[in-house]
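A short worksheet on the structure shown next.
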Amino acid sequence: MELRHIKYFLAVAEELNFTRAARRVGIGQPPLSNQIRDLEEEIGAPLFRRLPHGAELTEAGQVFLPEARTIMAKAAHAKALALRAGRGELGRLRLGFTGSAAFSPIVPSAVRSFRRAYPEIDLTLQEADTTLLLERLDAEELDAVFIRPGRADPPGFRTHSLGEDAMVIALPSGHPLADAAALPLSALSAEPFVLFPREAGPSLFDGIITACRHAGFEPILGQIAPQITSLANLVAVELGISVVPSAVAQIRVPGVTYIPISGDGPVARLALATRRDERSAVVQNFVARVLADKNNPR
């Protein structure tokens, strides 16, 4: 039994005339009669009584009619769902983000506007460090991730640049330099640096180290924070100083002062990464939404 058999049956059942039903479905009357006869043979019971000027449903046909309508309605519903899924209006989106990326206005703006535009997408969020996010993206455990990348795309991934954040210096509020309007990195040459593990953000970590070397000194690495969002707390208890993306300065921890870097300093790049061969319409819609919101966070 095929959907065309159900379609033809419904046409005859509603028209109660084979000729009119044939015109309705766009085939000849003899082929339509043959299709109905095939359906009746498969069911094992006649569905119509042929009359001189039309047809009427048998008892079997009357029972079959509401079920046939349900089948066609479900088929139409399944088709509509498939089309919506093909347009990326249904499905799931598993997003990852680094702790520092979450403070960029682009990230919450894009997630918020995507949820409003596609409310039926099952959206989940995971926070992790850059290395772990890329591992999960590669393993297809995540669909897209907000990261702090280097200058080149990580192998196997496509990154969509979302701009750069300046880096700022985080000092204990009681530090002798805490009242400065701005400081060169060289002013920190004798200070112990509180940083995050390199694997939490390789590009960000390397950028800080490289900038210090360009400023003429090798940074003194002191306490390691479990993640970038913990840096402010360690600076507040005077375990050292740090350099963080300006977006992270939104973390207002008592006892911490943020100061701009004068001269050349590191920058924190922000990007959305996807698998290079990604074909999901949901992911493509999300990328388009992020890029549209890039210059106009909502």
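The values are calculated or read from the model by the stated rules, or taken from the named source; none is laboratory data. Values in this document were obtained by computation on a predicted structure and should not be read as measured data. Glycine gets a Cβ as well: all are built from the backbone with ideal geometry, and neighbour counts include every protein chain shown. In case anyone asks, the SASA skips ligands and DNA or RNA and just uses the protein heavy atoms, side chains included. Shrake-Rupley method; radii C 1.70, N 1.55, O 1.52, S 1.80 Å.
I'd like to check something: does the range 28-43 contain any residue that is touching a residue at least 12 places away in the same chain (Cβ under 8 Å), basic (Lys, Arg) and either open to solvent by 20 Å² or more (accessible area, probe 1.4 Å) or assigned to a loop (DSSP other than H, G, I, E, B) (or both)?
Among the residues of the range 28-43, not one is touching a residue at least 12 places away in the same chain (Cβ under 8 Å), basic (Lys, Arg) and either open to solvent by 20 Å² or more (accessible area, probe 1.4 Å) or assigned to a loop (DSSP other than H, G, I, E, B) (or both), which makes the answer no.
Within the set of pairs 6+ apart or on separate chains, which have a first residue in the range 71-90 that is part of a helix (DSSP H, G or I), a second that is open to solvent by 60 Å² or more (accessible area, probe 1.4 Å) and not hydrophobic (A, V, I, L, M, F, W, C), and C-beta atoms under 9 Å apart?
Met72/Lys7; Arg84/Glu120
Given (1) crowded, with 21+ Cβ neighbours inside 10 Å; (2) assigned to a strand (DSSP E or B), where does Leu137 come up short, assuming only one miss?
(2)
Can you spot a residue in the range 107-123 that is surrounded by fewer than 15 Cβ atoms within 10 Å (Cβ to Cβ) and closer than 23 Å to Asp277 by Cα?
yes
So in the range 262-279, with the set limited to residues that are among the basic types (Lys, Arg) and in contact with a helix residue (DSSP H, G or I) (Cβ under 8 Å, 6 or more places away or on another chain), which one is modelled with the highest pLDDT?
The residue in question is Arg275.
Pick from the range 215-261 the residues that are in contact with a Leu (Cβ under 6 Å, 6 or more places away or on another chain) and in a loop (DSSP other than H, G, I, E, B): which of them is modelled with the highest pLDDT?
Step by step, filter the range 215-261, then rank; the result is Ala215.
Can you tell which of Ala85, Ala144, Ala80, Ala75 is closer than 30 Å to Ile36 by Cβ, among the aliphatic types (A, V, I, L, M) and in contact with a helix residue (DSSP H, G or I) (Cβ under 8 Å, 6 or more places away or on another chain)? I'd like the intermediate steps shown before the answer.
Details: Ala85 fails: closer than 30 Å to Ile36 by Cβ; Ala144 fails: closer than 30 Å to Ile36 by Cβ; Ala80 fails: in contact with a helix residue (DSSP H, G or I) (Cβ under 8 Å, 6 or more places away or on another chain).
Of Ala85, Ala144, Ala80, Ala75, the one residue that is closer than 30 Å to Ile36 by Cβ, among the aliphatic types (A, V, I, L, M) and in contact with a helix residue (DSSP H, G or I) (Cβ under 8 Å, 6 or more places away or on another chain) is Ala75.
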